[in-house]
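These notes are about the structure you will find just below.
The values are calculated or read from the model by the stated rules, or taken from the named source; none is laboratory data. Computed from a prediction, not measured in an experiment: that's the story for all the values here. Reconstructed Cβ throughout: ideal geometry from the backbone, glycine too, with neighbour counts over all protein chains shown. Note: areas computed on protein heavy atoms with side chains; ligands, DNA, RNA excluded. Shrake-Rupley method; radii C 1.70, N 1.55, O 1.52, S 1.80 Å.
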Amino acid sequence: QVTVADDLGWRHLGDGEREGTLHQLHLLTLATGEDVALATPGLDVREVAWSPDGQRLVISAKRMADLGRNLDLDLFTLDRDGTGLRHLPVGPGPDQHPVWFDAQHLAVQSHPDSLHESEPSQLLICDVASGEVQRRFLQEFDDCVWGIWGHAGRFYARGARRGTAAIFAVDTDGVHQLTPPGWNCWDIRFGGDRAVYFNQLERIARGSDNR
């Protein structure tokens, strides 16, 4: 554990406490209980996702050198035994919520700058071998992306359209809105060929002076 005074994170996002520790990645064998720390030295691991074949991992992590200096997050891949750690140079700002699109490609939410609130985020599909961005989805979401999910070989995103949050299916031919317009839909859970989603409807009591 490394203690870091992160004034930037505290002032910008109220995230100073999170910056005070390094979160490491461990591999747990369920049958035996064997616990092995994977080779992620100097990284604060925030998110992880298995490849479709179960042989590789992608992580979203912050370098220890960046703690207390900026809000950047980078993508790294590594083998399931913890070897072969490799940086994927996807974007200049935070790269978050990685999802395997297929065995050769990742979908990721990326921000054009390290503050990630001064510019809208984007949904990218990048090549795992090179980190090269092959497709960008931005205008379809009114320039906002807030989350990505993968299910049954497809992936889905939460973005903005006409001033409300909605769930979208992302295919090779574009983005398709799944949830009804005019509702704020914040989360989704998948089960087989169906899904349940959470929405928010603002209701004002009759006779209220609230606007």
* **Every residue from the stretch 131-148 that is in contact with a Phe, Trp or Tyr (Cβ under 8 Å, 6 or more places away or on another chain) and modelled with pLDDT of 70 or more** => Val145, Ile148
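Take the conditions at pLDDT below 85 and surrounded by fewer than 18 Cβ atoms within 10 Å (Cβ to Cβ) and apply them to Thr29. Does it pass?
On the way: at pLDDT below 85: no; surrounded by fewer than 18 Cβ atoms within 10 Å (Cβ to Cβ): yes.
The answer is no for Thr29.
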* Structure fact -> Within the stretch 100-127, of all residues that are in a strand (DSSP E or B) and under 17 Å from Gln55 (Cβ atoms), the one modelled with the lowest pLDDT is Phe101
* What single numbered condition from (1) modelled with pLDDT under 80; (2) open to solvent by 20 Å² or more (accessible area, probe 1.4 Å) fails to hold for Leu85? -> (1)
* Report yes if some residue within the stretch 163-173 is at pLDDT 85 or above, buried (at least 17 other Cβ atoms within 10 Å of the Cβ) and not small (Gly, Ala, Ser); otherwise report no. => yes
* **Residue under evaluation Ala205, criteria (1) among the hydrophobic types (A, V, I, L, M, F, W, C); (2) at pLDDT below 85; (3) under 16 Å from the mean Cα position of the chain (by Cα), criterion not met** => (3)
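The rows are residues; the columns are (1) open to solvent by 20 Å² or more (accessible area, probe 1.4 Å); (2) at pLDDT below 85.
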{"position": "Glu34", "(1), (2)": "yes, no"}
{"position": "Val45", "(1), (2)": "no, no"}
{"position": "Ile59", "(1), (2)": "no, no"}
{"position": "Ala65", "(1), (2)": "yes, yes"}
{"position": "Ala129", "(1), (2)": "yes, no"}
